[in-house]
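> The structure is given below, and queries will be raised subsequently.
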Amino acid sequence: MGRKFEVRKVSMAKTAGAKTKVYSKYGKEIYVVAKNGGPDPQANLSLRRLIEKAKKDQVPSHVIDKAIDKAAGGAGEDFTPARYEGFGPGGCMVIVDCLTDNNNRTITDVRNCFTKTGSKIGVTGTVGHMFDHQAVFSFPGDDEDAVLEVLMEADVDVTDVECEDGMITVFAPHTEYYKTRTALTEKNPDQEFEVEEITFVPQTESIVSGDDVATFDKFIDMLEDCDDVQDVYHNAVVERGEEE
């Protein structure tokens with residue numbers, strides 16, 4: 001299939017100063033997942049995956065424990081997921097995932113990010129069909145055929161396996177996350193992943209260059225500053241000049 005993989009997902013921890021916001025976002029998501037699926041990570045696979053991801057992003061244990069305890073206690077806010085789609089600077093496609101306890105506030109905040117950067121927010125489904133909701137794993141290796149064989153033997157509904165620059169990347173439907181991870185780690189218990197997440201993988205790329213680069217950066221920064229925004233996905237390939 002020959003699709004070079006790059007996780008086009010906004011990092012919420014670019015600087016040390018952003019870590020408090022990152023912890024807050026993880027705390028909110030852990031609370032929601034624990035409240036909806038139960039506070040036991042062994043029984044709630046979504047919670048277990050989220051805790052593993054949080055620890056990998058160096059979220060302190062007390063932040064994780066506090067969110068789970070809050071969910072177990074049955075008190076707290078009632079957050080609901082909200083997804084917004086549209087076209088960002090340079091015509092790139094964007095998906096914004098939020099958790100909110102006030103939909104009017106959230107849509108206003110997100111819409112402002114679009115309108116103030118000359119972007120266009122759309123209705124549900126505007127660009128979502130141009131992304132694949134995938135489980136993605138990347139790790140060092142050079143034999144994609146051997147990896148594919150392991151996954152097929154485990155009856156994993158794998159989408160693609162690629163090898164580039166000494167890295168193997170496995171794509172599978174998001175529902176196959178744990179089945180894929182289990183197959184890979186059972187074959188190699190010491191397997192360490194550079195990427196292990198559920199994400200939206202764009203089917204096409206959109207070049208963002210020239211004056212659109214600064215506007216794109218502003219757009220992403222504004223979204224990061226929105227308290228209700230959890231994740232931002234896009235298909236932009238940003239071409240920056242040497243001075244940048």
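The values are calculated or read from the model by the stated rules, or taken from the named source; none is laboratory data. The structure displayed is predicted, hence computed values, not measured ones. Cβ: placed from backbone, ideal geometry, glycine included. Neighbour counts: every protein chain shown. All accessible areas refer to the heavy atoms of the entire protein, side chains included, with ligands and DNA or RNA removed. Shrake-Rupley method; radii C 1.70, N 1.55, O 1.52, S 1.80 Å.
> Of the residues G91, G76, which single one is modelled with pLDDT under 95 and at positive phi?
Step by step, each of G91, G76 is checked, and only G76 is modelled with pLDDT under 95 and at positive phi.
> Here's something else I'd like to know. Evaluate the following for D65: is it over 30 Å from K116 (Cβ atoms) and modelled with pLDDT of 95 or more?
Yes: the conditions hold for D65.
> Scanning the range 119-131 for residues that are surrounded by 13 or more Cβ atoms within 10 Å (Cβ to Cβ) and either polar (S, T, N, Q) or within 17 Å of D217 (Cβ to Cβ) (or both), which turns out nearest to the chain's Cα centre (by Cα)?
The selected residue is T126.
> Can I ask one more? Kindly list, by first and then second residue, each pair from a residue in the range 7-34 that is modelled with pLDDT under 85 to a residue that is of a type in the set (S, T, N, Q) and not in a helix (DSSP H, G or I), limited to pairs with Cβ atoms under 7 Å and residues at least 6 apart or on different chains.
V7/T199; R8/N235; K9/T199
> Further question: Residues of the range 85-108 being open to solvent by 30 Å² or more (accessible area, probe 1.4 Å) and touching a helix residue (DSSP H, G or I) at 6+ places or on another chain (Cβ under 9 Å), which ones?
Within the range 85-108, F87, G90, G91 qualify.
> Among I198, I207, which is within 20 Å of A82 (Cα to Cα), open to solvent by 20 Å² or more (accessible area, probe 1.4 Å) and touching a strand residue (DSSP E or B) at 6+ places or on another chain (Cβ under 9 Å)?
Sole residue among the options that is within 20 Å of A82 (Cα to Cα), open to solvent by 20 Å² or more (accessible area, probe 1.4 Å) and touching a strand residue (DSSP E or B) at 6+ places or on another chain (Cβ under 9 Å): I198.
> Cβ-Cβ below 7 Å, separation at least six or inter-chain, first residue in the range 61-83 and of a type in the set (A, V, I, L, M, F, W, C), second open to solvent by 70 Å² or more (accessible area, probe 1.4 Å) and assigned to a helix (DSSP H, G or I): which pairs?
Cβ pairs passing all conditions: A71/K35; A82/N103.
> Given the criterion open to solvent by 20 Å² or more (accessible area, probe 1.4 Å) and touching a Ser or Thr at 6+ places or on another chain (Cβ under 9 Å), identify the matching residue among K70, K55, K116.
Step by step, each of K70, K55, K116 is checked, and only K55 is open to solvent by 20 Å² or more (accessible area, probe 1.4 Å) and touching a Ser or Thr at 6+ places or on another chain (Cβ under 9 Å).
> For L223, work out the one condition from (1) among the aliphatic types (A, V, I, L, M); (2) free of Cβ contacts under 8 Å to residues at least 40 places away in the same chain; (3) buried (at least 21 other Cβ atoms within 10 Å of the Cβ) it doesn't fulfil.
Status for L223: all satisfied but (2).
> How many residues are in contact (Cβ under 8 Å) with a residue 24 or more places away in the chain, over 18 Å from H174 (Cα atoms) and in a loop (DSSP other than H, G, I, E, B) if we restrict to the range 189-209?
Number of matching residues: 5.
> Then there's this: Only residues in the range 140-166 that are at negative phi and open to solvent by 50 Å² or more (accessible area, probe 1.4 Å) count as the first member; pair them with residues that are assigned to a strand (DSSP E or B) and of a type in the set (K, R), Cβ under 6 angstrom, at least 6 apart or cross-chain, and list the lot.
Matching pairs, first to second residue: none at all.
> Return only the number of the condition from (1) modelled with pLDDT under 95; (2) closer than 30 Å to Q191 by Cα that E149 does not satisfy.
(1) is the only condition that E149 fails.
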